[in-house]
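Structure, as structure tokens:
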């Protein structure tokens, strides 16, 4: 990928912190179509309504029956990068306990080549690569809703097969966790950007006391381990999951 294209690609997958004051939207599904009772709540001084039971922390829920099932959009007020990361951490915690994510990760690594495993047992580097390839092959990069930062749970990312950098990151860390692999988020601000404009996962190796953190940026068409070179980055922050 040429340098100019890389810059363009990073700009196109921005976290979009300029939208913080407008809040974010979270994409979710529910098979329970009868629990539509609502209750008033106040979060951080903002009065809003939530779907009780199914989505107890949601704001301003919008709901519709789509070909994929019952879909709801929830709006949250997020006013800092730390709050944004905390929301992604919750998605990782949810995802690593999700049977759909669990099965996806194991199918990625448990393939046979004749009478042998294609990926040798306990070869964590090969597992990381296989998981990265599975995400790249099954999920297409797709931008956020225009003017709104949107998040999906790892399960819904696999269901919809689309994601932006936030969604790729939460899916990567959730899937890695199901394989016993440590994972963290890295957020960067590229040259000339006034804001933090990209996030990706990094998976630790070895699994115990990692000495290396392998970049897992499935939102760009580059191999596992690739990340924006230092000459393109003004600042970076690391967030454990």
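The values are calculated or read from the model by the stated rules, or taken from the named source; none is laboratory data. Values in this document were obtained by computation on a predicted structure and should not be read as measured data. Cβ placement follows ideal geometry from the backbone for every residue including glycine, while neighbour counts extend to all protein chains displayed.
Matching residues to (1) under 11 Å from residue 154 (Cβ atoms); (2) under 18 Å from the mean Cα position of the chain (by Cα):
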site	(1), (2)
79	no, no
85	no, yes
92	yes, yes
96	yes, yes
99	no, yes
113	no, no
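Listed by position, the helices (runs of 4 or more DSSP H) enclosed by the stretch 89-179 that each have at least 3 residues that are surrounded by fewer than 23 Cβ atoms within 10 Å (Cβ to Cβ) are 99-109, 124-138, 154-160.
Evaluation of residue 202 against the conditions (1) part of a strand (DSSP E or B); (2) over 15 Å from residue 129 (Cα atoms) shows that the sole unmet condition is (2). Within the stretch 205-241, the set of residues being touching a residue at least 24 places away in the same chain (Cβ under 8 Å), within 15 Å of residue 128 (Cα to Cα) and assigned to a strand (DSSP E or B) comprises 205, 213, 214, 215, 216.
Picking from 220, 203, 224, 233, which residue would you name as being more than 13 Å from the chain's Cα centre (by Cα) and crowded, with 23+ Cβ neighbours inside 10 Å?
Exactly one of 220, 203, 224, 233 is more than 13 Å from the chain's Cα centre (by Cα) and crowded, with 23+ Cβ neighbours inside 10 Å, namely 203.
Only one entry in 219, 215, 170 is farther than 26 Å from residue 71 by Cβ, in the same structural domain as residue 91 (by TED's automatic domain parsing) and modelled with pLDDT of 95 or more, namely 215. Examine the stretch 182-194 for a residue that is out of contact with any strand residue (DSSP E or B) (no Cβ under 9 Å at 6 or more places or on another chain) and not in a helix (DSSP H, G or I), and state whether such a residue exists. Yes, that holds for at least one residue.
Selection of the stretch 131-148 for residues being modelled with pLDDT under 95, farther than 14 Å from residue 167 by Cβ and out of contact with any helix residue (DSSP H, G or I) (no Cβ under 8 Å at 6 or more places or on another chain) yields only 146. Residue-level analysis places residue 150 among those that are farther than 21 Å from residue 99 by Cα, within 12 Å of the chain's Cα centre (by Cα) and in the same structural domain as residue 92 (by TED's automatic domain parsing). Condition check for residue 181 on (1) at pLDDT 95 or above; (2) closer than 19 Å to residue 106 by Cβ; (3) in contact with a helix residue (DSSP H, G or I) (Cβ under 6 Å, 6 or more places away or on another chain): one failure, at (3).
From the list 204, 225, the lone residue that is at positive phi and in contact with a strand residue (DSSP E or B) (Cβ under 9 Å, 6 or more places away or on another chain) is 225.
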